[in-house]
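Notes to accompany the following structure.
The values are calculated or read from the model by the stated rules, or taken from the named source; none is laboratory data. These numbers come from a predicted model, not from an experiment. Virtual Cβ from ideal backbone geometry, glycine too; neighbours counted across all protein chains shown. With ligands, DNA and RNA removed, areas are computed over all heavy atoms of the protein, side chains included. Shrake-Rupley method; radii C 1.70, N 1.55, O 1.52, S 1.80 Å.
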Amino acid sequence: MVIILLGPPGVGKGTQAARLADSEGWEHVSTGDLLRAARRDGTELGKKAQAFMDAGELVPDSLILDLVRDHLKGVAPEAGILFDGFPRTTAQAEKLGGVLKEVRRKVGRVVVFEAPDETLVQRLSGRRSCPDCGAVYNVHLSPPKQEGVCDRCGGKLVHRADDTPETVRHRLEVYQELTQPLIAWYEKSDARVVRVPADGPVDDVQADFRAAVR
Ligand code: ADP
Ligand code: AMP
């Protein structure tokens with residue numbers, strides 16, 4: 001099963017995908033995480049992506065496609081895949097269709113997480129991320145056991161540079177302009193599109209998410 005998670009920044013895509021992928025043994029492919037890893041490793045791609053990410057702009061489609069294609073080489077052909085934060089433009093969606101076709105796969109389900117803007121802004125202002133292992137916390141809603149330290153790997157937690165109120169507002173506009181149209185685009189395809197309310201507790205959202213991909 002190839003599943004795409006759509007929804008604005010802060011709606012909980014990463015949180016939900018990580019949980020489901022862990023329990024089912026599926027591959028969680030977050031292009032945001034892959035880009036941040038490339039930046040940490042100081043690769044050419046990471047350097048090219050940096051300014052776009054810090055400004056809350058999308059990284060050019062060609063760079064993203066190379067990144068995804070490369071990453072998929074290491075994924076077993078039959079593995080379940082959860083795409084989180086990808087595709088973000090119709091051009092990316094079209095290219096993804098082509099890449100999947102080459103390996104005789106296709107998008108089975110598109111899950112659209114929905115929550116009001118106030119919720120997103122509150123969640124992102126409190127988000128803390130582990131740059132070493134990618135774990136995500138929230139100082140208000142799901143803090144780590146020890147302040148500033150990752151429960152999972154002991155890494156030092158950071159407030160992402162693009163989680164400031166101004167950049168968050170811009171990322172929401174970018175989502176509405178470039179990514180939201182993908183919902184209608186997939187509704188016209190033969191993938192099933194399911195909407196999941198995401199403003200409740202993590203466990204409730206996870207239950208609805210599981211029902212949506214069954
Ligand atoms: P996305 O991947 O969609 O940008 P994240 O999964 O990183 O979103 O979640 C954004 C922030 O909101 C994180 O701090 C996370 O801990 C928190 N969060 C995610 N889901 C919920 C939820 N259902 N209730 C409360 N906080 C949540
Ligand atoms: P995320 O971790 O999904 O919130 O993504 C963080 C940032 O990485 C975005 O604001 C973009 O700059 C970049 N990014 C992640 N995924 C993509 C994508 N599929 N296309 C373009 N830019 C992306």
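Which of the following residues is away from ligand 2 (no atom under 16 Å from the Cβ), closer than 17 Å to Lys13 by Cα and among the small types (Gly, Ala, Ser): Ser189, Ser125, Ser142, Ser129? So that I can check it myself, show each step before the final result.
Working: Ser189 fails: closer than 17 Å to Lys13 by Cα; Ser125 fails: away from ligand 2 (no atom under 16 Å from the Cβ); Ser129 fails: away from ligand 2 (no atom under 16 Å from the Cβ).
Unique residue meeting the criteria: Ser142.
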Residue list for region 171-200, restricted to those being in contact with a strand residue (DSSP E or B) (Cβ under 8 Å, 6 or more places away or on another chain), in contact (Cβ under 8 Å) with a residue 24 or more places away in the chain and part of a helix (DSSP H, G or I):
Thr179, Leu182, Ile183, Tyr186
Could you list all residues from region 32-80 that are farther than 26 Å from Gly12 by Cβ and of a type in the set (D, E, K, R)?
Asp41, Glu44, Lys47, Lys48, Asp66, Arg69, Asp70, Lys73, Glu78
Qualifying residues in region 171-214 (those that are within 15 Å of ligand 1 (Cβ to nearest atom) and among the hydroxyl-bearing types (Ser, Thr, Tyr)) - the one least open to solvent (accessible area, probe 1.4 Å):
Thr179
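Given the options Val2, Val29, name the one that is more than 12 Å from ligand 2 (Cβ to nearest atom), open to solvent by less than 20 Å² (accessible area, probe 1.4 Å) and within 27 Å of Glu78 (Cβ to Cβ).
Every option except Val2 fails the conditions.
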Would you say Gly46 is at pLDDT 95 or above, under 21 Å from Gln180 (Cβ atoms) and either touching a Lys or Arg at 6+ places or on another chain (Cβ under 6 Å) or in a helix (DSSP H, G or I) (or both)?
no
Pairs needed: first member in region 125-138, in contact (Cβ under 8 Å) with a residue 24 or more places away in the chain; second member anywhere, assigned to a strand (DSSP E or B) and of a type in the set (Ser, Thr, Tyr); C-beta distance under 6 Å; at least 6 residues apart or different chains.
Arg128/Tyr137; Val136/Ser129
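For region 50-60, state whether one or more residues are free of Cβ contacts under 8 Å to residues at least 60 places away in the same chain, within 16 Å of the chain's Cα centre (by Cα) and in a helix (DSSP H, G or I).
Step one: list which residues in region 50-60 are free of Cβ contacts under 8 Å to residues at least 60 places away in the same chain, which gives 50-52, 59-60.
Filter once more, so that each one left must be within 16 Å of the chain's Cα centre (by Cα): 59.
Pick out the ones that are also in a helix (DSSP H, G or I) and you get none.
No, the conditions are met nowhere in region 50-60.
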Out of all the residues in region 61-80, which are in a helix (DSSP H, G or I) and either more than 10 Å from ligand 2 (Cβ to nearest atom) or not aliphatic (A, V, I, L, M) (or both)?
Asp61, Ser62, Asp66, Arg69, Asp70, His71, Leu72
Pick from region 7-26, criterion part of a loop (DSSP other than H, G, I, E, B) and open to solvent by 50 Å² or more (accessible area, probe 1.4 Å), ranking: nearest to ligand 1 (Cβ to nearest atom)
Trp26
The conditions are (1) surrounded by fewer than 17 Cβ atoms within 10 Å (Cβ to Cβ); (2) under 18 Å from Val11 (Cα atoms), and Tyr137 fails exactly one of them. Which is it?
(1)
When residues of region 83-105 are limited to those that are over 26 Å from Ala49 (Cβ atoms) and out of contact with any strand residue (DSSP E or B) (no Cβ under 7 Å at 6 or more places or on another chain), the one surrounded by the most Cβ atoms within 10 Å (Cβ to Cβ):
Lys101
By residue number, the members of region 106-131 that are open to solvent by 60 Å² or more (accessible area, probe 1.4 Å), in contact with a helix residue (DSSP H, G or I) (Cβ under 7 Å, 6 or more places away or on another chain) and under 20 Å from Glu187 (Cα atoms) are Lys106
Number of the exception - Gly80 against (1) crowded, with 19+ Cβ neighbours inside 10 Å; (2) within 14 Å of Leu5 (Cα to Cα):
(1)
All but one of (1) within 16 Å of ligand 1 (Cβ to nearest atom); (2) open to solvent by 50 Å² or more (accessible area, probe 1.4 Å) hold for Asp41; state the number of the condition that does not hold.
(1)
